[in-house]
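The next block holds one structure in the form of structure tokens; read it before the comments.
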Amino acid sequence: MLLYLRLLKESFAFAMNALRNNKLRTMLSLLGVTIGIFSIIAVLAAVDSLDQKIQSDLSTLDKNTIYLTSQSFGPTDVPRWKREQFPNVTFEEYQYMKTAMKDVENSCFQYFTVSQNITYESRTSEAVNMVAVTAEFVDIQRLEFSEGRFFNESESYSGKQVVVLGYDIAQNLFDGFNPIGKTVRMYGQKFTVIGVTKKKGSSGIDIGGGDDTSAFFPATFLRRIYGDNNPQVLPVIVVKPEKGTDIEALKSDIAQKLRNFRGVKQGDIDNFFINILSGLTDMIDGLLGSLRVGGIIISFFSFLVGGFGIANIMFVSVKERTNLIGIQKSLGAKNKFILFQFLFEAIILCLIGGAIGLLIVWLLAMLLTNILDFEFVLSFSNVLIGTSLSVIVGLISGILPAISASKLDPVEAIRSGM
């Protein structure tokens, strides 16, 4: 044990000496390792941060939440021309399904629609995410409020012109003043503000429009404007199953009931899609996994360059210290001692380069977290990955120089150094 500690101490001293005596050469060689560690850990940290934010956003929804609509949220075997012939779900179908479905905790009707501008006096919020829903949406989405409330069932079914603003929209329009009871304009008409949601932050992926840049209002109002078959809106029936429900059985039940209501003939395919939120999250996980793999592949080339740089330093170090190696061997140093000495030195150099890369990632994460409304996280597991990769690169790039040093003949080594 003492031998290895002595080896580490000497190797560290040699590594520091290389940095002091050949600053430019050593730093250029370490640059490859630094860039490699920076690129791979930056990608992993960014993907992990995005994944954490998405999971946080989706935590308010049951992953078994079902979206019944005329379009598929993912890949499908149904040809596009046939999908385009599928009728939209209707409000009447929602009312029927709401009473007919079993094992359902709650359900609501929603329109996915184009964004709109909202105006209050001289202030305007542009491209606001408009969320036209029935009153049950607040329980399915589990919305929380900083001020006011959500619209009730009576206001929902009558299509009363009331609106709940997302936190950012309220801040932009009212600049900190209480917006409750104020009148805003959207769709060319006046709406009374009755609530403001709590600040949530945005991941860029929000199911059902539950982010801070949304406006929630009764779906019946939009039905009066667009009707049930307008290309500017996509009607959706949102179903939240009871806990412990057999989802496949529920899907079959929903499909059978809607087929009967629509009069779909036996043998014909469903003319609607039953989308499950868990399927979307699986797709997102697959996308994030692909990003991780892509980042690792790209970073591999930086590691390759960095490995060659470290190997070059070590071969030069062996040449410069040939006389010293001969003296060490003549005094009884074994080949293993010399081998580990150079291997440890290569690892230490790579760890220095890796530490610089990790430091840059950490500083960048801190900077972006402060600038953007998004928390970048450098987890301990990613630090561990970066450190492990540095050690691996050091082992691979230092093994050949270390072997060549350990096999030097002591007499020839001393002579070559004279």
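The values are calculated or read from the model by the stated rules, or taken from the named source; none is laboratory data. Source: prediction; values computed, not measured. In this analysis, Cβ positions are derived from the backbone assuming ideal geometry, glycine residues included, and neighbour counts consider all displayed protein chains. Surface areas here come from the heavy atoms of the whole protein model, side chains and all, with no ligands, DNA or RNA. Shrake-Rupley method; radii C 1.70, N 1.55, O 1.52, S 1.80 Å.
Odds and ends about this structure:
- Some residue of region 362-374 being β-branched (Val, Ile, Thr) and crowded, with 22+ Cβ neighbours inside 10 Å: no
- Matching residues in region 386-418 - criterion: being at pLDDT 70 or above, part of a helix (DSSP H, G or I), under 18 Å from Ser317 (Cβ atoms) and open to solvent by 40 Å² or more (accessible area, probe 1.4 Å): Leu395, Ile396, Ile399, Leu400, Ile403, Ser404
- Close pairs (6 angstrom Cβ cut-off, 6 or more residues apart or separate chains): free of Cβ contacts under 8 Å to residues at least 40 places away in the same chain in region 106-122, assigned to a strand (DSSP E or B) anywhere: Ser115/Ala127; Ser115/Val128; Ser115/Asn129
- Test: residue in region 300-308 that is within 22 Å of Val393 (Cβ to Cβ), in contact with a Gly (Cβ under 7 Å, 6 or more places away or on another chain) and surrounded by fewer than 22 Cβ atoms within 10 Å (Cβ to Cβ): yes
- Residues that are assigned to a helix (DSSP H, G or I) and closer than 24 Å to Leu372 by Cα occur in region 153-168; there is at least one.
- Neighbours by Cβ (under 8 Å, 6+ apart or cross-chain): first from region 161-185, within 16 Å of Thr119 (Cβ to Cβ); second among the aliphatic types (A, V, I, L, M) and surrounded by fewer than 21 Cβ atoms within 10 Å (Cβ to Cβ): Val163/Met186
- The one condition in (1) open to solvent by less than 80 Å² (accessible area, probe 1.4 Å); (2) of a type outside the set (Ser, Thr, Tyr); (3) out of contact with any helix residue (DSSP H, G or I) (no Cβ under 8 Å at 6 or more places or on another chain) that Leu378 fails to fulfil: (3)
- Hey, Ile325 part of a helix (DSSP H, G or I), open to solvent by 60 Å² or more (accessible area, probe 1.4 Å) and among the aliphatic types (A, V, I, L, M) or not: no
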